[in-house]
Structure formats: structure tokens, C-alpha cells
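The values are calculated or read from the model by the stated rules, or taken from the named source; none is laboratory data. Please read these numbers as outputs of a predicted model, since none were measured by experiment. For neighbour counting, all protein chains shown are included, and Cβ atoms are generated from backbone atoms with ideal geometry for every residue, glycine included. Please note that ligands, DNA and RNA were not included when accessible areas were found on the heavy atoms of the full protein model with its side chains. Shrake-Rupley method; radii C 1.70, N 1.55, O 1.52, S 1.80 Å.
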Amino acid sequence: MPRLLIAVVLLLLAGCAGDPMPPSSPTYAIAVDWEVLQNPTQEPLQAVSRLTITNEGSSTLPVHGWRLYFNFSRLFAAGAPDTPLLVEHVNGDFYRLSPGPGFQPLEPGASVSVDLRSSDWLIKKTDAPAGFYLVADEGGDPLPIEHVRIHPFTRPEQTTRYPGDIVQVPTPASRYDANASLTLLPTAELPPVLPTPVRLTRTGGDVRIDAATRIQHGEGLAGEARYLAGALRETLGIDPATAEGTGTGPGIVTLLIEPVSAGVGVADEAYRLDATAQGIVIRGATASGVFYGIQSLRGLIPPDATGPEAVMPAVAIVDAPRFPFRGMHVDVARNFHEPDRMKRLLEAMAFYKLNRLHVHLSDDEGWRLEIAGLPELTAVGARRGHTIDEADRLYPSYASGPAPEPSAGTGYYSREAFIDLLRFALERHIEVIPEFDFPGHSRAAIRSMEARYNRLAAAGDPEAAAYRLIHPEDASSYQSVQLWNDNVIDVCLPSTYTFIQKVIDETVALYREAGAPLTAFHVGGDEVPRGAWVGSPACRDAGGAPDPEALKESFFASIYAMLEPYGLVMAGWEEMALHHGEAGKVPSEVLRGKKVRANTWNTVWGWGDEDNAYRLANAGYDVVMSNAGDLYFDLAYDKDPEEPGYYWAGFVDTYAAFAFTPLDLFKSARTDRMGHPLDPDALAAGRERLTASGRDRIRGIQGQLWSENAVSRERFEYLIFPKLLGLAERAWAPAPSWETSSPARGAVERAAAWNVFANRLGQRELPRLDRLAGGIAYRIPPPGVRVDGGLVRANTAFPGMAIHFSSDGTEPDAGAARYEGPLPAGSSFLFRVFSTQGRGSTSAAF
């Protein structure tokens with residue numbers, strides 16, 4: 001990346017903030033560089049990186065009067081006291097750099113560096129500090145440095161996490177080898193519908209949909225008929241008439257609610273689709289079943305069909321989903337995702353028959369839903385930008401920058417926007433599950449309610465503390481996983497429960513106004529740091545030295561009592577349902593047998609908690625498997641330093657979601673997060689296996705997108721797709737054979753099934769995503785390239801995708817020569833994989 005110079009103008013001892021800029025004020029052009037020097041070689045796990053400031057302007061940078069703010073997701077160790085640059089942890093991922101005792105005036109052309117020792121490891125551009133901006137001590141507007149130069153990761157010590165890390169950075173040759181077992185299959189042999197139906201029979205002949213097509217529907221299916229008409233209008237440009245009726249015949253699509261049984265799966269979502277030249281009939285056990293039959297009909301239409309006519313095979317499909325809960329979680333708190341972006345996701349979820357959108361509406365870095373009567377939640381908690389006291393905004397996290405707008409850190413759903421989103425989801429048979437994360441991950445709510453308290457207390461309002469979430473004299477000391485030291489609400493304050501009741505009541509009212517289903521309310525419950533509440537006067541007054549585990553369980557019991565009158569399931573992350581005691585983590589007795597559902601997530605391969613889902617399900621808890629090592633879509637696809645995403649639980653690609661085996665989890669195991677092979681039988685030894693009654697408690701699976709790195713629509717969709725298609729296959733399709741086969745046989749069966757699935761993506765589903773909902777910006781896998789026998793060979797992870805190349809050193813585009821077979825070695829080639837719309841992957845040189 002070329003170095004970007006920003007002209008930085010600072011008011012240095014030049015008067016009060018807001019004064020006009022004196023003509024003589026110096027102008028500084030500053031470049032910021034960052035380079036990883038060394039990853040950990042021993043305990044404690046500390047990485048060393050170098051931060052360099054270069055003065056590329058004409059004025060000397062003085063020894064005082066300025067601060068450089070930035071974000072970094074690691075904790076820095078204290079530096080030497082005489083260092084030229086001091087780095088101070090403000091809170092969370094927010095840092096401040098200032099001139100130290102050893103700083104000398106920085107002349108034009110000169111540089112100054114500081115070596116930073118930080119926790120864990122640094123192997124990706126994603127790990128780099130970001131969001132740099134300068135502020136004059138005397139005030140004035142903060143001035144952003146929009147980019148830093150991140151030095152490339154080229155040495156082993158920059159890409160090896162520690163000596164036990166054997167995962168290799170992918171190369172064109174290693175990608176080629178990984179793809180080598182895949183073969184291009186004839187399109188006619190590929191299942192035409194994804195996710196795979198229970199039974200699909202080709203009955204011979206073709207079926208046409210064209211401008212003469214009409215839609216008839218039985219009682220209660222007018223909405224589904226309108227939806228189908230709109231989908232055909234978008235895909236083919238036709239505008240079929242809709243009318244109530246049950247007649248069938250050529251050119252008619254008939255929608256009916258009738259008894260349907262697939263013999264397996266969720267009975268009330270079953271459907272039957274018969275598509276023949278004599279007409280198309282979709283029967284569903286319920287309106288939801290009819291809707292899923294509509295999606296299969298859309299899937300039968302060739303992805304390159306643009307209308308006004310489509311020809312598809314005549315088929316008979318009988319189908320039902322494997323799991324009733326088929327979910328996608330999206331964090332809108334760390335970075336906000338506007339309604340249009342969420343609607344595009346909902347369209348894709350509907351097409352692939354997912355039926356739950358879990359929206360993470362609050363966290364330390366943002367509150368994203370308007371709550372009537374508590375305006376500070378959005379006026380303060382939904383805005384991020386430069387601030388000293390957070391009186392009207394939160395600190396800028398995740399490189400959201402000093403200006404509140406425009407920023408991925410700022411935004412919220414108004415009541416009207418959220419109601420509209422709920423209705424949009426309802427039309428697609430998707431339930432939106434709201435999550436407000438308590439008692440940890442609550443900093444946005446805490447700071448917002450402190451702003452409310454300060455406003456009302458200044459006016460003498462006796463109700464100022466009615467919704468306060470912390471005790472002003474709380475001396476508790478802790479640090480959360482995300483490095484916050486003040487993000488836990490006080491569970492011993494009555495005002496905490498007044499606040500939560502208000503949020504519940506107002507959220508339920510939104511769903512009622514939308515006419516949308518609300519069956520579960522997600523309360524978070526994860527990652528409460530040790531040390532919370534032990535210094536709270538309110539908790540001490542409740543009975544001596546506080547027991548944090550007992551306080552946590554009492555807290556969730558109280559929230560359950562709030563939800564019970566509404567008939568809502570209390571959903572939460574696994575910590576909500578687990579008791580931490582002398583025997584380790586065991587299912588909590590407080591909530592056992594109640595309407596509670598746990599998302600099990602902290603199941604990293606090799607950490608020892610892989611069986612959390614089974615322990616809870618066997619104890620009687622409903623469980624949605626949300627496993628980090630297989631279903632966290634914010635984790636990077638691979639170890640390439642350029643590949644965005646985190647990797648704390650390993651790397652998660654499309655294959656990881658596809659190969660997930662929920663009811664025999666250990667058969668999903670391949671390697672631990674450092675690349676060491678795992679023996680599924682050895683891994684399962686000593687861990688709890690799923691009982692017959694526990695199987696019925698596994699309600700489904702869910703993909704997760706945490707949004708620390710999802711700062712744009714393109715990055716959002718890149719991280720989710722095509723992983724979501726692997727999720728959809730496992731959530732809906734019948735149990736794969738390898739889930740019950742021996743490990744050796746299962747490996748062969750899984751490899752064969754992956755070859756078919758990869759072909760389905762390359763030849764049908766990714767071309768479809770190029771047009772679905774206006775086009776989804778899915779990740780295009782880089783090509784594999786290898787020299788073999790004097791020939792340069794290229795391949796792709798999804799057979800059927802186009803590979804183009806150049807031999808003149810220029811970056812190939814979709815108009816460059818298409819790779820059709822091996823090329824003679826001896827020339828330098830650049831290869832890229834392209835979508836049907838001309839978007840390209842990163843290039844591979846050979």
C-alpha cells in the first residue's frame with residue numbers, strides 16, 4: 001500500500017479551541033508506519049511490533065502539544081519511562097500516543113519509532129492499529145490520518161503465531177494442491193436446488209415459466225403469491241397475475257396448504273413441489289412450507305436466465321428441514337449495518353431457507369434500537385467519535401474515527417425502520433430475534449444512562465437515577481476480553497431491572513405494531529469478567545461479600561420472570577445456562593426446565609469445552625449450536641495476511657460450515673486452531689456424548705457474524721458469503737452419511753460430497769448470488785497455480801468459475817484471456833478467478 005500523507009494542522013499553544021486558525025500556524029505532513037517484528041516464542045505470549053511516525057512536512061513537530069489516538073485490539077505492555085513515544089490504554093481498543101520524555105523535536109524528514117509489546121500474536125493486516133487521528137492539547141477539531149502503511153508479512157516470525165503453530169500461509173501452489181481433488185462435474189448431474197431436498201425426482205421433460213404464467217393460491221396464501229410474483233419480476237422481468245383459486249393447468253403455478261409428509265424433518269415446514277408441462281403445484285403443510293417450495297421453484301430456474309422465459313427440468317420434490325431453527329446472527333453494535341444491508345441478507349436467507357435472524361442490538365461499542373422514553377440510548381449510545389468525557393458520544397472503536405458522521409460506528413434503527421425491517425422479514429417467513437447483551441458487554445447502555453442521569457440531576461429531577469445501571473461508588477476492578485474496565489451493569493441495583501423491563505416492554509410493543517412474531521428474547525449473558533460486582537456497595541449491602549456466580553444466576557432468574565408474562569423464551573449465550581463452580585462448568589440448576597434456549601459458542605477445537613452443547617441439551621436445555629470454530633463467519637477464511645478477519649478460534653471457510661456435524665460433533669474435528677491433526681475418537685474420549693433425549697433438544701444451528709471487521713457492505717457480504725450456503729445445507733438437508741459412518745469411510749464420503757457441493761457453488765449458486773437481491777459481494781477464492789511437468793496449471797476452489805490470466809505483467813480483468821488448460825512454463829503469468837459479473841479475486845503470480 002503506498003504511503004498516504006495527510007496534511008495535519010495543529011493549534012499548538014495558539015489560543016482557545018474554536019478560534020480562527022492563525023495564518024502562521026505550522027502545517028505537518030505525518031506518515032504512520034507499522035511493522036510486526038516478532039511473534040511470541042515463549043510465555044508470556046507477547047508480540048513485538050514497531051510504530052513509526054515520519055515527519056514528511058516542512059515544519060518541525062514539537063515536543064508537546066499533540067496527541068495521536070488510535071484503535072488496537074491487543075493490550076500493550078508498559079513501555080520504558082524514557083521512551084520517545086508514550087502509549088496509554090484509554091479503554092477497550094482505544095489508545096492514546098503522546099510525546100514522551102525522550103522525544104526530541106522531529107525535524108522534516110526525520111522519523112521516530114516505538115517498539116510495542118502486546119498480548120497474543122499479530123499475523124494479519126486485520127491486526128494492525130487503525131483509526132489514527134491527531135488532536136491538539138488545546139482543543140480544535142481532531143484531524144484524521146485515514147491510512148497507515150502496514151509493512152508486508154514476509155518473514156516466518158511475522159506469520160507464525162508461536163513455535164507450535166504449523167498452519168501455513170497459503171501460496172498459489174498450496175491452493176492448487178488443496179483444489180486438486182476437485183473435478184468439474186456436468187451441470188446436469190448437479191442437484192438443482194440448494195439446500196438439498198429430502199427427495200428430488202427428475203420426471204422428464206422441461207417446464208417453462210414465461211410472460212403467460214399465472215399464479216393461483218388457496219386461502220391464506222395471498223402474501224406468498226405476491227412474493228413469488230415479485231421474485232419472478234426481479235429475475236425474469238415478467239409480471240404474473242395472481243388470484244385466489246385452486247385450479248391447475250399449463251402455465252399456472254398453484255399454491256396450496258395441504259397435508260404433506262416427507263417422512264423426516266420438521267413436519268410443519270414440509271412441502272411438495274410438482275413441476276410439469278401441465279402446470280406447477282406447490283403444496284405446503286403450512287404457509288411456511290409453501291414459501292419454501294417457492295424457493296425451490298426459484299432454485300430450479302437456471303441462474304443465467306434473464307427472461308422473459310426460463311426453461312427448467314420437470315421434477316417432483318418432497319422436502320422438509322432437518323432442524324426447526326436455521327439461523328444467522330449479525331452484530332450491528334460493533335459496527336452498524338443499515339436496513340438496506342440487512343434486507344439484502346434477509347433476501348439471501350429466505351432463498352436458502354434460513355428462518356431466524358438474530359440481531360445483536362447492543363454491546364460495549366453501540367446501542368442500535370430506539371427505545372421510547374430513553375433518548376440517550378441512541379443520542380449517546382449510537383454515536384462514536386472523538387470525546388474526552390463521552391457526554392454525547394462513545395469513544396471511537398474499531399477505527400470508526402473522530403467524526404461521528406459518516407461512520408460505521410454511528411447509527412441505529414428508529415422505531416419506524418425496525419418495524420419496517422420486521423415486516424420485511426415476516427414476508428420472508430423469518431423471525432427476528434432481538435438481543436440486548438447483559439450484564440456484561442453493556443457499556444453503551446451504561447454510558448447512555450449516565451448521560452441521562454447527569455442531564456436530569458442537573459435539572460433537579462428526583463427521578464434522575466431511575467434507570468441508572470452502575471453505582472457511583474462501585475470500586476470493582478476488572479478487564480473484559482475486549483479490554484473494557486467499566487462494561488458490566490450492577491445487578492444489585494433496582495434501577496437496573498427498571499431499565500431492562502423498559503427495554504423488554506418497548507421491544508415487545510414494536511413487534512406487536514409490526515404484526516411480527518416474537519417468540520424469544522435474547523439476553524446475551526456472555527463474557528462477564530472476573531471482578532465485577534465485588535466492589536459494589538449495592539451488592540455488599542445485599543448480604544456481605546458478594547458471590548458473583550450467585551448474583552449472575554439470580555440476575556437471569558429475574559429477567560426470566562420479566563419475560564414470562566409475555567410467554568417468551570429467554571435465549572442467551574451458553575454462559576447464561578452454565579454454572580461455574582468447583583466442579584468446573586456444569587448446567588445451572590436455576591434455569592433448568594424453564595423456557596430457556598442457549599447458543600453454545602465457546603467450543604474451540606482442543607480447548608476442552610467442545611461438548612458444552614451436549615451437556616446442556618442432555619440436562620434439558622434447548623440448544624442452538626453456534627460453534628466458533630465452524631460457524632463464526634467473522635473469522636478469516638485462511639491464514640493469508642491479506643485475508644480479513646480474526647482467527648482466535650482458528651480459520652473458518654465454507655468447507656468448515658459444510659462439514660459441520662451437529663449431532664456427532666466430534667466427527668467435524670479435523671485440526672486444532674494451530675493446525676495439529678485431531679483424532680475424533682480421542683477428542684470425544686472423556687467428553688459428554690449426546691443422549692437420545694438430548695438430541696431432541698438440539699433445535700438447530702446458527703452462523704455468526706461479529707462486526708469488528710465488517711465496516712462496509714462489501715466486507716459484510718464477503719465474510720458471510722459463501723459460508724452461509726454451507727450453513728444452509730447443514731441446517732436444512734438430511735443428515736449426511738458421514739455423520740454415522742466410520743471415520744475412514746466418512747472421510748471418503750465427505751470428500752465426495754464436498755466435490756459435488758463445490759461444483760454446485762461454482763456452476764449454479766455463486767452465479768445466482770451475482771444477481772440475487774441486486775448482487776451479493778461474496779468472496780471469490782484466489783486461484784491455485786502450480787508448475788508441473790513444464791506446464792503452468794491453474795484451478796479454483798469452486799469448479800466452473802472462470803479463470804483469466806495475463807502474461808505481460810498487467811493485472812488481468814474479465815476481458816483477459818481465459819484459462820482453458822495448461823500453459824507452457826517460462827513466462828510470467830498473473831491469474832485471477834472471476835464472477836459472472838466481472839468481479840475478480842486477488843491475483844496469483846507464477
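What to note about this one:
- A straight line joining the Cα centroids of the range 73-96 and the range 753-774 runs 46 Å.
- Placing a pseudo-label 7 Å from each Cα along the Cα-to-Cβ vector at Asp681 and Ala825 gives an inter-label distance of 4.2 nm.
- In the chain, the DSSP-assigned H stretches of four residues or longer account for a calculated mean residue ellipticity at 222 nm of -6500 deg cm²/dmol, using -39500 (n - 2.57) per stretch and the full residue count as denominator.
- Total formal charge among the other residues, if their Cβ is under 10 angstrom from that of Lys125, Lys/Arg +1 and Asp/Glu -1: -3
- Computed P(r) (all Cα pairs; the chain; 20 Å bins; percent): 14, 44, 34, 7, 0
- Order of exposure, largest accessible area first, which applies to Arg415, Arg455, Arg697 with probe 1.4 Å: Arg455, Arg697, Arg415
- Taking each residue as 0.36 nm, the span from Val63 to Thr519 lengthens on full extension beyond its C-alpha to C-alpha distance by 158.2 nm.
- In Hz, Karplus ³J(HN,Hα) per residue of the range 625-639 (6.51, -1.76, 1.60; θ = phi - 60°; x = Gly, Pro): 6, 10, 4, 4, x, 10, 10, 8, 7, 7, 6, 5, 4, 7, 8
- With 0.36 nm allotted per residue and the present C-alpha distance subtracted, the Thr171-Asp813 stretch has 229.0 nm of extension available.
- Largest accessible area first, the listed residues Glu219, Glu431, Glu642 line up as Glu219, Glu642, Glu431 when surface is computed with a 1.4 Å probe on the assembled protein chains.
- Förster radius 56 Å - calculated FRET efficiency between Arg540 and Ser712, Cβ distance, rounded to 0.05: 0.75
- Placing a pseudo-label 7 Å from each Cα along the Cα-to-Cβ vector at Ala550 and Ser181 gives an inter-label distance of 5.4 nm.
- Sites Ala305 and Gln501, calculated FRET efficiency, Cβ-Cβ separation with R0 45 Å, nearest 0.05: 0.30
- Shape parameters for the range 699-777, alpha-carbon atoms, Rg then Dmax in Å: 15.1, 43
- Look at the alpha carbon pairs under 8 Å that are at least 6 residues apart: their mean separation over the length of the chain gives a relative contact order of 11 percent.
- Relative contact order computed over the range 285-396 (Cα-Cα under 8 Å; 6+ residues apart), in percent: 19 percent
- Short-range pairs are left out: with C-alpha atoms under 8 Å and at least six residues apart, the relative contact order of the range 110-241 is 14 percent.
- Accessible carbon and sulfur surface of the chain relative to its total accessible area, %, 1.4 Å: 51 percent
- Förster radius 30 Å - calculated FRET efficiency between Glu157 and Ala77 (Cβ-Cβ, nearest 0.05): 0.95
- Residues whose amide H falls under 5 Å from that of Thr83, counting only those 5 or more places apart or on a different chain, are Gly102, with hydrogens built in the peptide plane.
- 14 Å beta-carbon shell around Pro548, net charge (K/R +1, D/E -1): -4
- Whole-Hz Karplus values for the range 591-602 come out as 9, 4, x, 9, 7, 10, 9, 10, 8, 8, 10, 7 Hz, taken residue by residue from phi with 6.51 cos²θ - 1.76 cosθ + 1.60 and θ = phi - 60°; glycine and proline positions read x.
- Count Lys and Arg as plus one, Asp and Glu as minus one, and take only other residues whose Cβ is under 15 Å from that of Phe76; the net charge is then -1.
- Inter-site label distance for Thr691 and Asp137 at 7 Å from Cα along Cβ, in nm: 6.7 nm
- Prolate/oblate/rounded call for the range 60-106, Cα gyration tensor, a/c under 1.5 rounded: oblate
- Taking 0.36 nm per residue of sequence separation and removing the Cα-Cα distance, the Ala735/Ala459 pair yields an extension gain of 93.1 nm.
- Cα-based helix-to-principal-axis angle, 415-427 vs the chain, degrees rounded to 10: 20 degrees
- Derived scalar couplings between HN and Hα for the range 277-292 equal 5, 8, x, 10, 10, 10, 10, x, 5, 9, 4, 5, x, 4, 4, 5 Hz in order, rounded to whole Hz, by the Karplus curve 6.51 cos²θ - 1.76 cosθ + 1.60 (θ = phi - 60°), x for Gly and Pro.
- Set of the range 411-434 residues, backbone N closer than 16 Å to the point 7 Å along the Cα-Cβ line of Ala287: 422-432
- Counting only DSSP beta bridges with both residues in the chain, the antiparallel share comes to about 60 percent.
- Per residue value of the accessible surface for the chain (all protein chains in place, 1.4 Å probe), Å²: 37 Å²
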